[in-house]
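Structure record follows, encoded as structure tokens.
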Amino acid sequence: MATKIADIAKAAHVSSAAVSLALSGKKGVSDKNRSRILQIAKDLKYQQSKIQNLTNPSSNGTILFLRIARHGHTVNRDHDVFIADYIDGLSEGSTAYGYHMIMNSFRAKSVPEVIESISGIKYQGIIVLGTELSAEDFIPFEALNVPIVFIDTFQDYLQFDFVDMNNVDGVFKMVNYFVQQGYENIGFLLSNVKTGNFHLRFEAFKDITKFLNLKIDSENIITVDSTFNGAYEDMKAYLNTNPLLPDGLVSSNDIMAYGAIKALNEFNFSVPDDISIIGFDNLPLSSIMNPPLTTIKVSKHEIGKTAIRLIHNRIHGDTNAPPVKVLIGGELIIRDSVKSKN
């Protein structure tokens, strides 16, 4: 199996973001750590073509990858491994199509500020990690006369190319699995952060439970923060109200499920004996936590590769063609956080 950025990060005891900075030759990591990371990458036989792709110009020009954390509730260290899989797919696609990819990270900056900061760079196209972008944040990009593809978000009515996971398909698999296991009383762990994918998952949950003739109690819609500590604290506050918990809980993502499970354990609720939980993202910790978390596996690598293919087609094709919106399906990974009622 090919070495990924996450593998190098684990071996070097640093974040995936630090590995990406070291491989791309960008500031943000010390010279000592950079040398150590590059040596580990070499020892693990990380594809040299990937490193060259991030550092050396190539015949087709430059693509910018903009990693934008508007508020940091979802684009943060908890999701570094998740984002690293996107970067692996982008890097592989860039190599295949002959592009030089430059990664730029922005925290707590407005979109106009982001656009201003890249104004001095010559590039052929932009790929944007749009996880934390609101609908209004897309508008400034319309002034840029270059191909743009957004990943990890989806907007039906905006005239841009998007590549995202299929949230509706994923939530259907979550809810349907609960139904197959004999569940009727199902709740939802809702994020209090305005993020496109979280919104789509909750809307899908409402539509799918209606389609499956399930009666959802509004008290079983539990709102928490999308960070681990935030979800843990918010779930504790909820449990202090002595609520009647649902039998099964669909979580907006794995991180929120982790925080909720920690709070539930402290209140002497057992997962899955007292309440079952399904997450979304299949982060590495999901397979080793107690209990291992049933979750939706998203092909982030494929999303990254698809984004490169779309932007290549824009650069070398008809830039005025209708927008392309691609949704990549997910896979339900069944572990031990759901107990059968059958």
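Values quoted throughout were computed directly from the atomic coordinates according to the rules given, and no laboratory measurement underlies them. If you're wondering where the values come from, they're calculated on a predicted model, not measured in any experiment. Backbone-built Cβ (ideal geometry, glycine too); neighbour counts: all protein chains shown.
With the cut-off at under 19 Å, measuring from each backbone N in segment 122-151 to a point 7 Å along the Cα-to-Cβ line of Asp207 picks out 135. Each DSSP beta bridge with both residues in segment 167-297 is either parallel or antiparallel, and the antiparallel ones are about 0%.
Every helix of 4 or more DSSP H residues in the chain counts as -39500 (n - 2.57), and over all residues that averages to -12500 deg cm²/dmol at 222 nm. Can you tell me the FRET efficiency between Ile221 and Lys109 if r is taken as the Cβ-Cβ distance and R0 is 35 Å, rounded to the nearest 0.05? So the FRET efficiency works out to roughly 0.60. Computed from Cα atoms, the angle from the helix 31-43 axis to the main principal axis of the chain rounds to 80 degrees.
Against the chain, whose longest principal axis is taken from its Cα atoms, helix 80-97 shows a tilt of about 40°.
Leu214: net charge of surrounding residues, Cβ under 13 Å, Lys/Arg +1, Asp/Glu -1, itself excluded? Could the numbers behind the result be given before it?
On the way: positive: Lys206, Lys210, Lys215; negative: Glu184, Asp207, Asp217, Asp247.
Value of the local net charge: -1.
Sorting Val19, Val193 from the fewest to the most surrounding beta carbons within 10 angstrom yields Val193, Val19. Label zone (Asn185, point 7 Å along Cα-to-C-beta; backbone nitrogen cut-off 11 Å) within segment 236-258: 244-248. Just so you know, the Cα atoms of segment 229-342 work out to an Rg and Dmax of 19.0, 60 Å.
Consider a paramagnetic label point 7 Å from the Cα of Lys325 along Cα→Cβ; state which residues of segment 102-139 have an amide N under 18 Å from it. Under 18 Å, as judged by backbone N against the label point of Lys325, lie 128-139 of segment 102-139. Counting every other Cβ atom within 10 Å of each residue's Cβ, His312, His199 order from fewest to most as His199, His312. Computed from the alpha carbon atoms alone, the convex hull of segment 167-297 holds 96 Å³ per residue.
Arrange the following residues from fewest to most other Cβ atoms within 10 Å of their Cβ: Lys325, Lys4.
Working: Lys325 16, Lys4 23.
Taking fewest neighbouring Cβ atoms as first place, the list is Lys325, Lys4.
Express in % the proportion of alpha carbon pairs of the chain at distances exceeding 34 Å. Cα-Cα pairs of the chain separated by over 34 Å account for 28 percent.
Beyond 23 Å in Cα-Cα separation lie the following of the pairs Lys206/Lys262; Lys297/Lys325; Lys4/Lys339: Lys206/Lys262; Lys4/Lys339.
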